[in-house]
1. Among the numbered conditions (1) part of a loop (DSSP other than H, G, I, E, B); (2) touching an Asp or Glu at 6+ places or on another chain (Cβ under 7 Å), tell me where HIS153 comes up short.
2. Assess whether ALA347 counts as being farther than 17 Å from ALA152 by Cβ, open to solvent by less than 10 Å² (accessible area, probe 1.4 Å) and within 21 Å of the chain's Cα centre (by Cα).
3. Cβ-Cβ distance below 7 Å, separation of 6 or more or different chains: which pairs start in the range 354-380 with a residue that is on the phi < 0 side of the Ramachandran plot and end on one that is crowded, with 16+ Cβ neighbours inside 10 Å and assigned to a loop (DSSP other than H, G, I, E, B)?
4. For the range 220-248, name all the residues that are open to solvent by 30 Å² or more (accessible area, probe 1.4 Å) and either in a helix (DSSP H, G or I) or within 24 Å of LEU209 (Cα to Cα) (or both).
5. For the range 100-140, which residues satisfy the criterion of being assigned to a loop (DSSP other than H, G, I, E, B), open to solvent by less than 20 Å² (accessible area, probe 1.4 Å) and of a type outside the set (Gly, Ala, Ser)?
6. List every residue pair whose Cβ atoms lie under 7 Å apart, where the two residues are 6 or more positions apart in sequence or sit on different chains, the first residue falls within the range 169-197 and is under 16 Å from VAL156 (Cβ atoms), and the second residue, located anywhere, is modelled with pLDDT under 95.
7. So, in the range 249-299, how many residues would count as being more than 24 Å from the chain's Cα centre (by Cα), open to solvent by less than 20 Å² (accessible area, probe 1.4 Å) and of a type in the set (Ser, Thr, Tyr)?
8. Return the residues of the range 75-98 that are at pLDDT below 95 and more than 17 Å from ARG327 (Cα to Cα); say none if nothing qualifies.
Amino acid sequence: MDRPSLTRRSLLGGGLALLGAGAAGCSLPVGLGSAGTRVRYWHFLGASDGIIMNKMVRGFAKDNPGIAVEENVLAWGEPYYTKIAMAGAGGRSPDLATFHLARLSGIGAGRILDPIDPALLAENGLEAADFSPPIWERAHVGGELYAVPFDAHPMVLYYNTEICERAGLLAPDGRLRPTDGPEELLAALRKAKGVLGGRPPLVFDALGLGTVGPWRLWWSLYSQSGGTLLSEDGSRVTLDDAKALDALRLMRTLGEEGLCDPRTDYGASVAAFTNGQAAFLWNGDWETTGLKQRGTPFSMARFPSVFGTGAAQADCHAFVLPHQRERDPEIERATYRFIAYLVKNSADWAVAGHVPAYLPTLEEPEYLALHPQSEYRSVITEVALDPRAWFAGSASRLWLDFGEAFSPVVSGARTPEQGLAQAKQALRRLMAAPNPFPAEER
């Protein structure tokens with residue numbers, strides 16, 4: 001398949017009309033209008049993600065003049081999944097939708113979503129061996145494939161290259177020296193704090209209404225020690241108190257020593273790093289484009305190895321087939337062709353910072369030339385995905401409840417033991433609640 005005639009510069013230029021249309025939930029037909037085969041595609045991608053996706057859709061239309069893609073951009077978060085569930089339950093869904101992989105277990109596979117046909121994937125050159133194994137495995141429910149992985153967007157480490165150079169934290173090649181274990185991490189943060197005149201060197205989404213940063217940080221640290229939250233089938237709590245408290249105590253140390261600023265919400269954390277007021281930012285990989293546009297001297301690395309492995313909290317964008325009572329065979333084949341095009345061209349998608357789940361892309365010169373995006377690609381096999389539960393995944397109740405429990409631990413308003421107790425109480429409440437979208441009984 002030929003790659004689209006798009007440069008990385010053109011991918012990031014223009015496309016602002018898409019953002020306005022997306023905010024209103026407008027359809028954006030791309031292709032031959034009413035002629036040919038029409039694929040209806042829903043997604044929630046905004047900002048640079050939305051611009052890049054629209055460019056990729058246009059590239060597909062250019063290479064496939066007989067297929068028109070009707071791109072419908074909807075609001076991110078819970079409203080999006082509610083719309084998918086309502087459309088799927090009624091059998092009047094779009095032909096394709098973007099999905100967060102961690103949401104897959106709780107969305108009613110077989111009733112809200114239809115399974116993926118591996119034969120049609122193979123027909124378009126996609127095989128199981130092409131994808132990151134842990135991500136491909138999570139694309140299955142009950143042994144059946146329900147999603148095609150597109151990327152992983154993990155928790156990563158952004159670092160200010162100028163501040164880190166002054167603190168002596170860079171290797172001769174200009175990259176950040178990796179740390180191993182909590183003491184090395186704390187030592188590096190203390191050096192950066194000294195260079196900053198005592199200001200907190202680290203920022204992340206620590207505070208605010210609906211904050212999820214404490215969950216994402218805790219889940220990264222806890223997963224590194226091998227901790228789990230639920231059994232594989234999601235029926236039992238498997239939380240390890242000792243490992244959970246190790247992670248929370250480190251988070252508390254960060255706040256207690258002034259190594260992080262516990263008063264920053266999401267926007268303030270990004271602003272502080274952008275403006276050179278912090279040496280490090282822990283966040284998802286999606287801030288890459290904005291930092292480049294604003295001229296921040298930065299690079300990126302994998303989230304630090306603290307408790308044994310390099311695991312990092314992550315979710316994944318994936319493609320799913322919302323349930324339809326009957327699928328038109330011609331539209332179905334066009335849909336799989338479109339999926340394969342997007343997956344095989346995911347080096348273009350990686351401009352926004354996400355790590356392609358399609359392994360051949362990670363070896364392409366075009367992807368390897370992306371800096372700093374290619375610097376943390378090895379995390380693709382060590383992603384710490386959410387537990388399999390209907391209440392987990394991006395914008396989920398689990399993230400919000402655990403964020404609320406752990407945020408005061410960072411600030412010192414609550415002990416690690418108190419934070420864990422509140423999180424466990426929230427987990428028990430979620431476990432007792434019924435899944436609003438149970439899978440189809442077979």
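1. (1)
2. It is false that ALA347 is farther than 17 Å from ALA152 by Cβ, open to solvent by less than 10 Å² (accessible area, probe 1.4 Å) and within 21 Å of the chain's Cα centre (by Cα).
3. ALA357/SER132; ALA357/PHE150; ALA357/CYS316; LEU359/SER132; GLN373/GLY353; VAL379/GLY310; ILE380/SER132; ILE380/ALA357
4. Passing the criteria: ASP241, ALA242, LYS243, ASP246.
5. Across the range 100-140, the qualifying residues are ILE107, ILE112, ILE116, LEU126.
6. As it stands, the answer is none, since no pair meets every condition given.
7. 0
8. Residues satisfying the conditions are ALA75, TRP76, GLY77, GLU78, PRO79, TYR80, TYR81, THR82, LYS83, ALA85, MET86.
The values are calculated or read from the model by the stated rules, or taken from the named source; none is laboratory data. Model, not experiment: these values are computed from the prediction. Cβ sites come from the backbone with ideal geometry, for glycine too, and all protein chains shown count toward neighbours. Note: accessible area is taken over every heavy atom of the protein model, side chains too, but ligands, DNA and RNA are not part of it. Shrake-Rupley method; radii C 1.70, N 1.55, O 1.52, S 1.80 Å.
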